[in-house]
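In what follows, a structure is listed as structure tokens, so that the remarks can point back to it.
The values are calculated or read from the model by the stated rules, or taken from the named source; none is laboratory data. As the structure is a computational prediction, the values presented were derived from the model and not from experiment. Positions of Cβ are backbone-derived with ideal geometry, glycine not excepted, and every protein chain shown enters the neighbour counts.
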Number of protein chains: 2
Amino acid sequence: MKPVKVGICGLGTVGSGTFNVLTRNAQEIERRVGCEIIIEQIGARRDNPNCITTGTNITRDIFDVAVNPEVDIVVELIGGNDVALKLVMLAIENGKHVVTANKALIAVHGNEIFAAAKKNNVTVAFESAVAGGIPIIKALREGLAANKINSLAGIINGTGNFILSEMQQKGRDFSSVLSEAQALGYAEADPTFDVEGIDAAHKLTILASIAYGVELQFDKAYTEGISKVTTEDVQFADELGYRIKHLGIARRTQTGIELRVHPTMIPKDTLLANVNGVMNAVLVDADAVGQTLHYGAGAGDEATGSAVIADIIDIARNINSADSRAVAPLGFQTDELSDSPIMSMEETETGYYLHLKAAEKPGVLAEITKIIGDCGINIEAIVQKESDEEYVPVILLTQRVVERKMNQAIAQIEALESTLGSVARIRVEHL
Amino acid sequence: MKPVKVGICGLGTVGSGTFNVLTRNAQEIERRVGCEIIIEQIGARRDNPNCITTGTNITRDIFDVAVNPEVDIVVELIGGNDVALKLVMLAIENGKHVVTANKALIAVHGNEIFAAAKKNNVTVAFESAVAGGIPIIKALREGLAANKINSLAGIINGTGNFILSEMQQKGRDFSSVLSEAQALGYAEADPTFDVEGIDAAHKLTILASIAYGVELQFDKAYTEGISKVTTEDVQFADELGYRIKHLGIARRTQTGIELRVHPTMIPKDTLLANVNGVMNAVLVDADAVGQTLHYGAGAGDEATGSAVIADIIDIARNINSADSRAVAPLGFQTDELSDSPIMSMEETETGYYLHLKAAEKPGVLAEITKIIGDCGINIEAIVQKESDEEYVPVILLTQRVVERKMNQAIAQIEALESTLGSVARIRVEHL
């Protein structure tokens, strides 16, 4: 059968992993697909010493690949937004299928990319954009396609999970672990995307659109990072039976869809709480199947390459099929997306862990609990920690309540003369 | 677009779950697939009070469904071997696609079924045959298709896992938990298939063929049940830092493929060791992606129905495509299966936990350790337990060694005058 020809744009970490796996496992892959997959061309500004590309057609201008008449599938692995978008759109206009690992590109420009792909009758695949090697997009679009998805919650940023795991297991503080993560190459020199949750929000946006069949709406995701999580909070959470994880959560409610990334306390005996280090996992709760967990490496050259190649194989298996019933980019047919609104964080309901400093004198706890009660919030536990300081830590766990009410309570507590500074809050979920 | 019409044969647990989910989520599914999926006919000997089939064409003769010219996909949910095989072959001969949840049928007759399907250019899908609602077959055939699979290890029988979990968590013994499982409906009146590992071996056979691209060879699987696992062993394992799980393991080695189901001790801090109750999980170790874990409900009406419908949706998405590159039943093209041999248990290498009774007198441990050393086996730990009896429990942990050598050592230990009865062995894996 006619071989399928791919052009790889970008030869960084993921590019070299993709090249190496595709080359090393060529025979196994051909046995699966029934045809050869040939690397027709590579577009890269420079060579990568980790892959031996001798004999492969290499161009320094990635746009060459998008217009190469021999190329069936353009693989975009350059990252970033502007050039990547130009490349992908040019490839689509030239009738190429596209595989991309670029979560920012899909989360921000996915809607227009999918529209162009539909118009040009080509496939755009992006399994590698979320949770690296875990085939979670395929699971949601196909494996669980019979289900209404109730909620999904994912550890989808390996850097953040590495930092929180180290803080929890070794009692270290955020900044010292971050420095180590940077030295180990887990975190970028500018760690903002990872630790402030932007990377996770990109991925969550994609997962939520697939789960619920809504357009990509990255700008509506609530995003809170882990840089303010303290060693103390990790310790207090442990004492209460919880772990703090940086989760991306999407949930279907009566009024819309929750879309939020924030540090979250979850019971420590759950599987998700025990996903440590740089590993990723996504817990899906669906109406027919119940809970499923999808766990694996969230990054890495070959792990991400594994997902890139899975997309290439999918396209190769269907390349001669013009059936418009084929799996749509978001799993739902493009003209069947729903307009369920994304909810604001104020409307979202969770449990809360509060950590504040209060003067150690009679009546202070009564003042605080009165405010909370008056705001319609039920307290599950309250603990006053010992301390030699004038202001001692007070820890509160509350039942589920809409965030708006909690915001009111926190503002009033912070205004008390008997409390010091701001109230730290971590949302609590029993997944 | 033209609707796709299914005929459901069998209206037991899975049949009713499939009917109910397909009916309840019809709109969501149509949004995904782009066409309606209609239940054209049901073949069932009797009605099921759990589903309201009013208005649906019901026949008491399931073979009517296989020849109904209106039916595109025949869904075989009657279970068993003989009648199910006849039904599936008749459906295939009549040009119907087939979806089945029947693990025994696929493990034992899969090769001939797939050959007939290929000849008649129809799809046979069986996601629901392994691990209920977990999309593990899709993950192996498609999501991880870029990889060489090194090994897979699965908790793929919920009944067995429920029993072992209860034994571990509550110190109960095998037979009392089994009785409870039967009362709860988790175990059949004849529990042999579940507790003796036959059900797990059916599923493992299927997973291994997909992982390695070899023909289905159920008769070569090594199968050992959990009925001999004692409360003492569960307790000793715990003290040594392990849990006992009933695993199906397939591993690629230099000389062939290991295919084995047996009680296995695994370190207690691993995710797989913490999969409890009736839940299932499959850990896959692959060359590019590393380890992935796929966790969820292994049985249940709607969980299994979820997988049945995922197969229906896959077929509906591709029903007009005659592309022979479509996903083959075992993921590998049927004419590209390999003849890697399935290895005998004697050739398999694992660590071992041994539990024996030895006379409490000088020199006995020396005798035992000499036998083990002479057989070329390295001991990792040896513990003599206290007891008031004449013969006291001795626990040994060994390093990895081929089973043949261990069989020799066990035979010699059992022949000693200073030991009593037989040596209990549980294989140890660090997955």
Review point. Just to be sure, is residue B:285 in a helix (DSSP H, G or I) and at pLDDT 95 or above?
Key: no
Exercise for review: Take the stretch B:139-159 and flag every residue that is facing chain A (nearest Cβ under 7 Å), buried (at least 24 other Cβ atoms within 10 Å of the Cβ) and part of a loop (DSSP other than H, G, I, E, B).
Suggested key: B:144, B:145, B:146, B:147
Check your understanding: If we scan the stretch A:339-347, do we find a residue that is closer than 27 Å to residue A:157 by Cα, buried (at least 19 other Cβ atoms within 10 Å of the Cβ) and of a type in the set (S, T, N, Q)?
Key -> no
Exercise for review: Determine whether the stretch A:23-30 contains at least one residue that is of a type in the set (A, V, I, L, M) and touching a helix residue (DSSP H, G or I) at 6+ places or on another chain (Cβ under 9 Å).
Suggested key: yes
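What are the residues in the stretch A:230-268 that are assigned to a helix (DSSP H, G or I) and within 23 Å of the chain's Cα centre (by Cα), if any? Give the steps one after another, and end with the answer.
Within the stretch A:230-268, the first condition is being assigned to a helix (DSSP H, G or I), and the residues that meet it are A:231-239.
Hit for the stretch A:230-268 is A:234, nothing else.
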Exercise for review: Any chance you could count how many residues in the stretch A:112-129 are under 18 Å from the mean Cα position of the chain (by Cα) and either not assigned by TED's automatic domain parsing to the domain that holds residue A:17 or not aliphatic (A, V, I, L, M) (or both)?
Suggested key: 3
Check your understanding: Which of (1) surrounded by fewer than 20 Cβ atoms within 10 Å (Cβ to Cβ); (2) in contact (Cβ under 8 Å) with a residue 60 or more places away in the chain; (3) more than 14 Å from chain B (Cβ to nearest Cβ) does residue A:119 not meet, given it meets every other one?
Key -> (2)
Review point. Residue A:317 versus (1) more than 11 Å from every other protein chain (Cβ to nearest Cβ); (2) basic (Lys, Arg); (3) over 19 Å from the mean Cα position of the chain (by Cα): which is the lone unmet condition?
Key: (1)
Practice item. Taking the options B:277, B:296, name whichever one is under 30 Å from residue B:10 (Cβ atoms), surrounded by fewer than 21 Cβ atoms within 10 Å (Cβ to Cβ) and either away from every other protein chain (no Cβ under 11 Å) or of a type outside the set (Val, Ile, Thr) (or both). Key: B:277
Review point. For residues in the stretch A:299-312 being surrounded by fewer than 24 Cβ atoms within 10 Å (Cβ to Cβ) and touching a strand residue (DSSP E or B) at 6+ places or on another chain (Cβ under 9 Å), which is nearest to the other protein chains (Cβ to nearest Cβ)?
Key: A:300
Practice item. Considering only the stretch B:377-391, state which residues are farther than 23 Å from residue B:268 by Cβ and either in contact with a Phe, Trp or Tyr (Cβ under 6 Å, 6 or more places away or on another chain) or modelled with pLDDT under 95 (or both). Key: B:386, B:387, B:388, B:389, B:390, B:391
Review point. Are any residues in the stretch B:122-138 away from chain A (no Cβ under 13 Å) and closer than 18 Å to residue B:290 by Cα, and if so, which ones?
Key: none
Exercise for review: Show the residue pairs that are 6+ apart or on different chains and have beta-carbon atoms under 6 Å apart, the first residue being within the stretch A:332-344 and more than 9 Å from every other protein chain (Cβ to nearest Cβ), the second being assigned to a loop (DSSP other than H, G, I, E, B) and crowded, with 20+ Cβ neighbours inside 10 Å.
Suggested key: A:334/A:328
Review point. What are the residue pairs meeting all of these: first residue in the stretch A:264-292, first residue under 21 Å from residue B:131 (Cβ atoms), second residue in a loop (DSSP other than H, G, I, E, B) and among the charged types (D, E, K, R), Cβ atoms under 9 Å, and 6 or more apart or on different chains?
Key: A:274/A:268; A:274/B:269; A:286/A:148; A:287/A:148; A:288/A:148
Practice item. Return the residue satisfying two criteria in turn: it lies in the stretch B:181-208 and is at pLDDT below 95 and of a type in the set (Gly, Ala, Ser), and of such residues it is nearest to the chain's Cα centre (by Cα). Key: B:187
Check your understanding: Looking at (1) surrounded by fewer than 24 Cβ atoms within 10 Å (Cβ to Cβ); (2) under 30 Å from residue A:17 (Cβ atoms), which is the one condition that is false for residue B:238?
Key -> (2)
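Could you tell me whether residue B:379 is in contact with a Gly (Cβ under 9 Å, 6 or more places away or on another chain) and of a type in the set (A, V, I, L, M, F, W, C)?
For residue B:379, the condition - in contact with a Gly (Cβ under 9 Å, 6 or more places away or on another chain) and of a type in the set (A, V, I, L, M, F, W, C) - is met.
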**Study point:** Qualifying residues in the stretch B:70-116 (those that are touching a residue at least 60 places away in the same chain (Cβ under 8 Å), in contact with a His (Cβ under 9 Å, 6 or more places away or on another chain) and not in a helix (DSSP H, G or I)) - the one surrounded by the fewest Cβ atoms within 10 Å (Cβ to Cβ)
**Key:** B:72
Review point. How many residues are of a type in the set (Asp, Glu) and either buried (at least 21 other Cβ atoms within 10 Å of the Cβ) or at pLDDT below 95 (or both) when one looks only at the stretch B:37-69?
Key: 1
Study note, to complete from the structure: For the stretch B:206-230, the count of residues that are in contact (Cβ under 8 Å) with a residue 60 or more places away in the chain, under 30 Å from residue B:385 (Cα atoms), of a type outside the set (Lys, Arg) and out of contact with any helix residue (DSSP H, G or I) (no Cβ under 6 Å at 6 or more places or on another chain) equals 2
Review point. Which number in (1) in contact (Cβ under 8 Å) with a residue 12 or more places away in the chain; (2) under 30 Å from residue A:330 (Cβ atoms) marks the one condition that residue B:26 misses?
Key: (1)
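So which residues in the stretch A:368-383 are β-branched (Val, Ile, Thr), within 34 Å of the chain's Cα centre (by Cα) and more than 16 Å from residue A:404 (Cβ to Cβ), if there are any at all? Outline the logic, then answer.
Restricting attention to the stretch A:368-383, the residues satisfying the condition of being β-branched (Val, Ile, Thr) are A:368-369, A:371-372, A:377, A:379, A:382-383.
After this cut, where a residue has to be within 34 Å of the chain's Cα centre (by Cα) as well, the list is A:372, A:377, A:379, A:382-383.
Listed by number, the residues that qualify are A:379, A:382, A:383.
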Practice item. Tally the residues that are in a helix (DSSP H, G or I) and either of a type outside the set (A, V, I, L, M, F, W, C) or within 10 Å of chain A (Cβ to nearest Cβ) (or both), restricting the search to the stretch B:1-55. Key: 17
